[in-house]
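Below is one structure, written out as structure tokens; comments come after it.
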Amino acid sequence: FRFKDSLAEELGRADLVISHAGAGSCLEALEKGKPLIVVINEKLMDNHQLELAKQLHRDEHVLCCNCSTLVETLESMDLSTLKPFPPGQPEKFALFLDKVVGFQ
Amino acid sequence: TGGHTTEILRLLSCLSESYSPRHYIFADSDKMSEAKIRSFEQKRAETFSSSQFTLDRIPRSREVRQSWTSSVVTTLYSILYSLPLTYKLKPDLILCNGPGTCVPVCICARLLGLLGIKRTIIVYVESICRVETLSLSGKILYYFSDYFIVQWPDLKQKYPKSVYLGRIV
């Protein structure tokens, strides 16, 4: 298929996700606990998209490669090196905001 | 727009019902946010029956990669357009997270503050995608907001007046 409103179903069933470096795609896969390989296309991307992919790679949550090294990555990958991605904590934001506006 | 809406709804998910009524403002060209917001509010109404919210659209201040000169014009237009809306709503708190759409509204709120009409608290949360650099909206609102929240430690170092709470979406 070309476009779908949501990939949640497919993500749920996947054993491995290979994605471009879009933040939404990466985070969605990581939050479902799926091993993720991020394919970076420097020509297409604007710099800021790269920031999150680089950070996720530094934190060992994802494997990175580019289009030409994808096959090699798939052949030699060790997914056990990937660290789980802890969820964000909006409760911390709520606590902070309550203090700011004076709801304690 | 898209990712921003998803992020802001996650931020709202843990807020108490004291944060009511909620007024959502988004770009007229945005096709998907309305559905996401309605779905969020619908779920919320299941727990908090007195939930109130409104939706308003304003012209988008700037398209991605729009030229500088035309951006100034479209942003000024958005500011003028947003002024009556901001005046009508007179928000106690503005929560925004990065689309260009939020800048005119915040500027209007500051104007109303300067004129002694309404003092609004502006809280800006930079997107989780921003690890090392701020978005353009972020660079502007770093100076206009009361609280500027970043989600990665690098940004906290670069922008010392910001607040770092870790990842919150």
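Tabulated results
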| quantity | calculated |
| --- | --- |
| Counting all C-alpha pairs of segment A:16-90, share separated by more than 17 Å (%) | 39 percent |
| Protein accessible surface hidden between B and A, which excludes ligands and nucleic acids, total in Å², probe 1.4 Å | 2400 Å² |
| Protein-only accessible surface order, largest first, of A:Ser25, B:Ser127 at 1.4 Å | A:Ser25, B:Ser127 |
| Whole-percent carbon and sulfur share, accessible surface of chain A, 1.4 Å | 54 percent |
| Net charge of Cβ neighbours under 11 Å - reference B:Lys90; Lys, Arg +1; Asp, Glu -1 | +2 |
| Compactness of chain B as Cα Rg over 2.2 N^0.38 Å, two decimals | 1.01 |
| 5 angstrom amide H check on B:His23, placed H, neighbours 5+ away | B:Thr54 |
| Per residue accessible area of chain B, 1.4 Å probe, in Å² | 50 Å² |
| Nitroxide proxy distance, nm - points 7 Å out along Cα→Cβ at A:Thr81 and B:Cys14 | 3.3 nm |
| Unmatched cysteines, the protein assembly as shown - criterion: no other Cβ of a Cys under 4.7 angstrom | A:Cys26, A:Cys64, A:Cys65, A:Cys67, B:Cys14, B:Cys106, B:Cys108, B:Cys129 |
| Charge sum, other residues only, whose C-beta stays under 14 Å from A:Leu79's C-beta, Lys/Arg counted +1 and Asp/Glu -1 | -2 |
| Convex hull per residue volume in Å³, alpha carbons only, for the protein assembly as shown | 151 Å³ |
| Probe 1.4 Å, accessible area per residue of chain A, Å² | 63 Å² |
| Carbon + sulfur, % of accessible area of segment B:2-164 - ligands and nucleic acids excluded, 1.4 Å | 60 percent |
| Chain-alone versus full-assembly comparison, segment B:134-169, residues with accessible loss of at least 10 Å² (1.4 Å probe) | B:Tyr147, B:Ile149, B:Trp152, B:Val163, B:Leu165, B:Arg167, B:Ile168, B:Val169 |
| For B:Ile94, residues with placed amide H under 5 Å, excluding near neighbours | B:Ile121, B:Ile122, B:Val123 |
| Under 12 Å, Cβ to Cβ, from A:Asp15 - net charge with Lys/Arg +1 and Asp/Glu -1 | +2 |
| Pairwise label distance in nanometres, A:His20 with B:Arg57, each label 7 Å out on the Cα-Cβ vector | 2.6 nm |
| Accessible surface ranking that places the most exposed of A:Arg13, B:Arg62 first, with a 1.4 angstrom probe | A:Arg13, B:Arg62 |
| Calculated P(r) of segment B:1-88 - Cα pairs past 16 Å, % | 59 percent |
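The values are calculated or read from the model by the stated rules, or taken from the named source; none is laboratory data. These numbers were taken from a predicted model, which means no experiment stands behind them. For neighbour counting, all protein chains shown are included, and Cβ atoms are generated from backbone atoms with ideal geometry for every residue, glycine included. These area figures cover heavy atoms from the full protein model, side chains too; ligands, DNA and RNA do not enter into them. Shrake-Rupley method; radii C 1.70, N 1.55, O 1.52, S 1.80 Å.
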